[in-house]
């Protein structure tokens, strides 16, 4: 299932002229605005060189911007721009249309159960991720 989902996301990315890593970074920044470059590299478990290359492309496209920390000018924070938000909305519409088409095979009652289960799993994983990051849960 995950392989198929990754393929679909990659297909949408590629059809719109982007790599999957590029769009994953854009989505991550939009959900975690103001993170430092070091924080992004650590959270995404990527090397700083690749991160810098992707960020520079996104800055050229006008999707993100870097801002120096007001107290420590060695720290740089990354923020999504209005142009970046619009690009995310545009790509989300494409993804939702694709998912709607693919999920039409599921009857309405099963679909509601499916969505409920996915929501429970997402909430559960989110809670466990927070516990792992805070050191409360060992995996």
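Looking at residue 110, is it on the phi < 0 side of the Ramachandran plot, modelled with pLDDT of 85 or more, out of contact with any strand residue (DSSP E or B) (no Cβ under 6 Å at 6 or more places or on another chain) and surrounded by fewer than 13 Cβ atoms within 10 Å (Cβ to Cβ)?
Judged against the criteria, residue 110 is a match.
Give the number of residues within region 49-73 that are closer than 18 Å to residue 18 by Cα, assigned to a loop (DSSP other than H, G, I, E, B) and touching a strand residue (DSSP E or B) at 6+ places or on another chain (Cβ under 9 Å).
Going through region 49-73 one residue at a time, the tally reaches 1.
Any residue in region 39-48 that is in contact with a strand residue (DSSP E or B) (Cβ under 6 Å, 6 or more places away or on another chain), part of a helix (DSSP H, G or I) and within 22 Å of residue 10 (Cβ to Cβ)?
The answer is no, given that none of the residues of region 39-48 is in contact with a strand residue (DSSP E or B) (Cβ under 6 Å, 6 or more places away or on another chain), part of a helix (DSSP H, G or I) and within 22 Å of residue 10 (Cβ to Cβ).
Just the residues that are assigned to a loop (DSSP other than H, G, I, E, B) and within 18 Å of residue 129 (Cα to Cα), please, taken from region 26-38.
Selection gives 32 alone.
Quick check: anything in region 52-62 in contact with a helix residue (DSSP H, G or I) (Cβ under 7 Å, 6 or more places away or on another chain) and on the phi > 0 side of the Ramachandran plot?
For region 52-62, residues in contact with a helix residue (DSSP H, G or I) (Cβ under 7 Å, 6 or more places away or on another chain) and on the phi > 0 side of the Ramachandran plot: present.
Could you figure out which of (1) without any contact (Cβ under 8 Å) to a residue 24 or more places away in the chain; (2) surrounded by 10 or more Cβ atoms within 10 Å (Cβ to Cβ) isn't true of residue 88?
Checking residue 88 against (1) without any contact (Cβ under 8 Å) to a residue 24 or more places away in the chain; (2) surrounded by 10 or more Cβ atoms within 10 Å (Cβ to Cβ), the one that fails is (1).
For region 105-139, which positions are over 24 Å from residue 43 (Cβ atoms), in contact with a helix residue (DSSP H, G or I) (Cβ under 9 Å, 6 or more places away or on another chain) and outside any helix (DSSP H, G or I)?
106
One line per residue, one yes/no per condition, for (1) without any contact (Cβ under 8 Å) to a residue 12 or more places away in the chain; (2) within 23 Å of residue 27 (Cα to Cα); (3) loosely packed, with under 11 Cβ neighbours inside 10 Å:
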site	(1), (2), (3)
106	yes, no, no
115	yes, yes, no
119	yes, yes, yes
128	yes, yes, no
133	yes, yes, yes
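Here are some conditions: (1) more than 27 Å from residue 130 (Cβ to Cβ); (2) modelled with pLDDT under 95; (3) over 17 Å from the mean Cα position of the chain (by Cα). Residue 93 meets all but one. Which one does it not meet?
Failing condition for residue 93: (3).
The values are calculated or read from the model by the stated rules, or taken from the named source; none is laboratory data. Worth saying up front: this structure is predicted, and the values here are computed from it rather than measured. Quick reminder, even Gly has a Cβ in these numbers, built from the backbone with ideal geometry, and neighbours come from all protein chains shown.
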